[in-house]
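Colleague: Take a look at the following structure, please.
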Amino acid sequence: MTTLASLPPVSATAPVAEPPARFGDLFAAEWIKMRSLRSTAWTLVLTSLFVIGSAAVASLSHYHSQPHYSALGQRLHLFSLRDAFPVAGYLTLMLVAGSIGAVTAVSEYSSGLIRTTMVAVPARGSVVLAKAAVLAAVWTALGTIIATASFAVSQSILDGWHAGFPIAHPDALRALTASALLAPVCALIGLGLGILIRHSAATMVTSTFTLLMLPPIFSSGTHWSADVRNAMVQSAWGRLAQDGEPSPGSGFLHPTAAGSWVTYVAWPLIAIVLALVVVRYRDV
Amino acid sequence: MIEVIELTKSYGGKTAVDQLSFTVRPGLVTGFLGPNGAGKTTTLRVILGLDAPTGGTAAVSGVPFRSHPRGLRHVGALLDAGHVHGGRTATAHLTALARSNGISTLRVEEVLGEVGLAEVAGRRIGTFSLGMKQRLGIATALLGDPPVLMFDEPINGMDPEGVLWVRLLFRRLAAEGRTVFLSSHLMTEMEQTADQLVVIGQGRLIAAESVQSFAARSTRLSVIVGTPQAAELTALLTAAGASVEPEGSPGAERLAVTGLPADRIGALAFEHRILLHELAIRRASLEEAFMELTADSVEYLAGRSR
């Protein structure tokens, strides 16, 4: 360094005029990133159509078999909610939302864009939160549209037999809310896993395995196994969106509604908190 | 101003940067030289707060870069032209970055024009050549109009016109009083662009000085001799104690002579009636000084047995 001493000294700290750092700017930036990928729009549209279509198919199937049911079966309308929020459609929604959440992080890591992003915004935690906020907003809006549409489509079909569920029914409202929130919950879990794992294929496999494959591994037969299963997002959604109140005496093997809501909050919360901790200390 | 003090960075057991100290001053173009694997990129990443140092500090304008919540107005950096998403257009890429720092979209158009990408602004980056991606990376660095600019191998993949443009751009940015720090393993490029040099090898500082002083370090001053009687002259000069290396192509052979001054070579040739058509003192090039100084610290040497 002594060899540079002959150079004229220049002030080390030139003041930089800068507006205050606003979270809204980061949210807008992440929104631009999501919006500017053509594949995102296509994925969202096709997924929405598939989920709503699956509700229509399930409802039509029951519509045609309705005359063959017993009087009791016709009265309970238990299948109505399951037709409005069918497993095939909503597990697909979980898969897509989890994957898109993961891609939001993983695509930046695999291309190296994350370094460009973090040089522009050294406050890494804020970047993670902005990504989470955009995912939550987009998927909550879309999830609400999808859940409302699939409910409306299935009920308009089943209404032909007066087998519909009124939206004002508490079970119907709860099912609709849980189904609408399923997508943002999975998207946030995907995002958290993406930041933790960083590698595309490993993240996708982990996200899909955790959301879809893991719950059936744990049976409802034993206490501990049932507890684990009940703490899964998929079981929570099933409890909130598809089942009525379990009959008394069925014991501990069913998740409670309250417990299911806790599951809905805990999974994305833990995923994002872990991501925030890791992203702060790990080299990019 | 960039100040690196006693910087050490290890990955696992391997030390990439070892107790490195140097200062990069504003108003000058400073070249960051070293063979591949010398630790240049690691150093830049630590300065940019992407990697945490194992020891020592790196400060930009007196503070660690990561202490800024938003970075573009403090430091503009091009680390790798590939650090983009190929599915976005150049405009979308820059707009997202600008927006995150509260910079207007007008500035995005401005920098796209400045780097010559205005016409392809709406094209997806995946269709860009490496040279175009380098220009986009430079546009990213310029977005926040920062006082400090860092570029890692910025001319890779650029055509001659692009190289000339980027050289003038760096000179202009420095003339505006900014700190311009660019890494390269291409000595010849530095000779034409940089005022100052920071040279490292195997993570350690080899030199931090002006380009001229660095070039003057080479001990291999040589005299270039052109003659049709190369064999005779070679024998003569060798007998006089010089060492002679033939160079050039057949038909235009020349001799690079070290160990004898030009006037002695001329006198010897004259005494023995050997025709000379060229006799020139070759100033040590940056390239030679660099090769000489880093010879001990080259990480990946072709043909070296391990």
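The values are calculated or read from the model by the stated rules, or taken from the named source; none is laboratory data. Being a predicted model, the structure only gives us computed values, none of them experimental. Here the Cβ positions follow ideal geometry from the backbone for every residue, glycine too, while neighbour counts run over all protein chains shown.
Colleague: Taking B:L182, is it away from chain A (no Cβ under 12 Å), under 25 Å from B:E6 (Cβ atoms), outside any loop (DSSP other than H, G, I, E, B) and not aromatic (F, W, Y)?
Modeller: So B:L182 passes the test.
Colleague: Of (1) in contact with a Leu (Cβ under 7 Å, 6 or more places away or on another chain); (2) part of a helix (DSSP H, G or I); (3) farther than 30 Å from B:R66 by Cβ, A:A266 satisfies all except one. Which?
Modeller: So the condition that A:A266 fails would be (1).
Colleague: Which members of segment B:146-165 meet the condition of being assigned to a loop (DSSP other than H, G, I, E, B) and within 23 Å of B:T23 (Cβ to Cβ)?
Modeller: Scanning segment B:146-165 gives B:P146, B:P147, B:E153, B:P154.
Colleague: Can you name the residue in segment B:3-18 that is within 20 Å of B:H185 (Cβ to Cβ) and within 19 Å of the chain's Cα centre (by Cα) and, of all such residues, is nearest to the other protein chains (Cβ to nearest Cβ)?
Modeller: Looking at residues that are within 20 Å of B:H185 (Cβ to Cβ) and within 19 Å of the chain's Cα centre (by Cα), I get B:V4.
Colleague: Going through segment B:128-149 one residue at a time, which ones are within 13 Å of chain A (Cβ to nearest Cβ) and either among the β-branched types (V, I, T) or farther than 21 Å from B:A96 by Cβ (or both)?
Modeller: B:I138, B:T140, B:P147, B:V148
Colleague: Right, something else. Filtering segment B:78-94 down to residues that are at the interface with another protein chain (Cβ under 7 Å from one of its Cβ atoms) and aliphatic (A, V, I, L, M), which residue is farthest from A:S39 (Cα to Cα)?
Modeller: Only one residue fits best here, namely B:L79.
Colleague: Right, here's the next one. Of all residues in segment B:95-104, which are facing chain A (nearest Cβ under 7 Å) and assigned to a loop (DSSP other than H, G, I, E, B)?
Modeller: Residues satisfying the conditions are B:N101, B:G102.
Colleague: Give segment A:15-38 a look and list any residue that's of a type in the set (G, A, S) and at the interface with chain B (Cβ under 7 Å from one of its Cβ atoms), or say none.
Modeller: Correct list: A:A21, A:A28, A:A29, A:S36.
Colleague: On to the next question. Would you mind finding the one in A:R198, A:R239 that is at pLDDT 90 or above, at positive phi and of a type outside the set (S, T, N, Q)?
Modeller: Of the residues listed, the single one that is at pLDDT 90 or above, at positive phi and of a type outside the set (S, T, N, Q) is A:R198.
Colleague: Further, regarding this structure: How many residues, within segment B:111-145, are touching a Ser or Thr at 6+ places or on another chain (Cβ under 9 Å) and within 14 Å of B:G76 (Cβ to Cβ)?
Modeller: Number of matching residues: 3.
Colleague: Considering segment B:19-38 alone, what residues qualify as being at pLDDT below 95 and either facing chain A (nearest Cβ under 9 Å) or surrounded by fewer than 24 Cβ atoms within 10 Å (Cβ to Cβ) (or both)?
Modeller: Selection gives B:P35, B:N36, B:G37.
Colleague: Same structure again: Return the pair list, or none, for Cβ contacts closer than 7 Å from residues in segment B:119-140 that are without any contact (Cβ under 8 Å) to a residue 60 or more places away in the chain to residues that are among the basic types (K, R) and buried (at least 23 other Cβ atoms within 10 Å of the Cβ), at least 6 apart or on different chains.
Modeller: B:I125/B:K133
Colleague: Away from chain A (no Cβ under 14 Å), in a loop (DSSP other than H, G, I, E, B) and of a type in the set (A, V, I, L, M, F, W, C): is that true of B:M190 in this structure?
Modeller: no
Colleague: Now for a separate question. For residues that are loosely packed, with under 12 Cβ neighbours inside 10 Å and not in a loop (DSSP other than H, G, I, E, B), scanning just segment B:279-306, find the one that is modelled with the highest pLDDT.
Modeller: B:I281
Colleague: Contact list please: Cβ distance under 9 Å, first residue in segment A:204-223 and of a type in the set (S, T, Y), second residue part of a loop (DSSP other than H, G, I, E, B), pairs at least six apart or on different chains.
Modeller: A:T210/A:M232; A:S220/A:H254
Colleague: Another question, then. Residues B:L205, B:L168: which one is more than 14 Å from the chain's Cα centre (by Cα) and assigned to a helix (DSSP H, G or I)?
Modeller: On inspection, the qualifying residue turns out to be B:L168.
Colleague: OK, next. Sort out which residues of segment B:87-111 are surrounded by fewer than 22 Cβ atoms within 10 Å (Cβ to Cβ) and either among the aliphatic types (A, V, I, L, M) or in contact (Cβ under 8 Å) with a residue 40 or more places away in the chain (or both), and write them in order of number.
Modeller: Within segment B:87-111, B:A92, B:L106 qualify.
Colleague: A follow-up question, please. Residues in segment A:132-140: is at least one within 14 Å of another protein chain (Cβ to nearest Cβ) and either touching a Leu at 6+ places or on another chain (Cβ under 8 Å) or within 22 Å of A:P170 (Cα to Cα) (or both)?
Modeller: no
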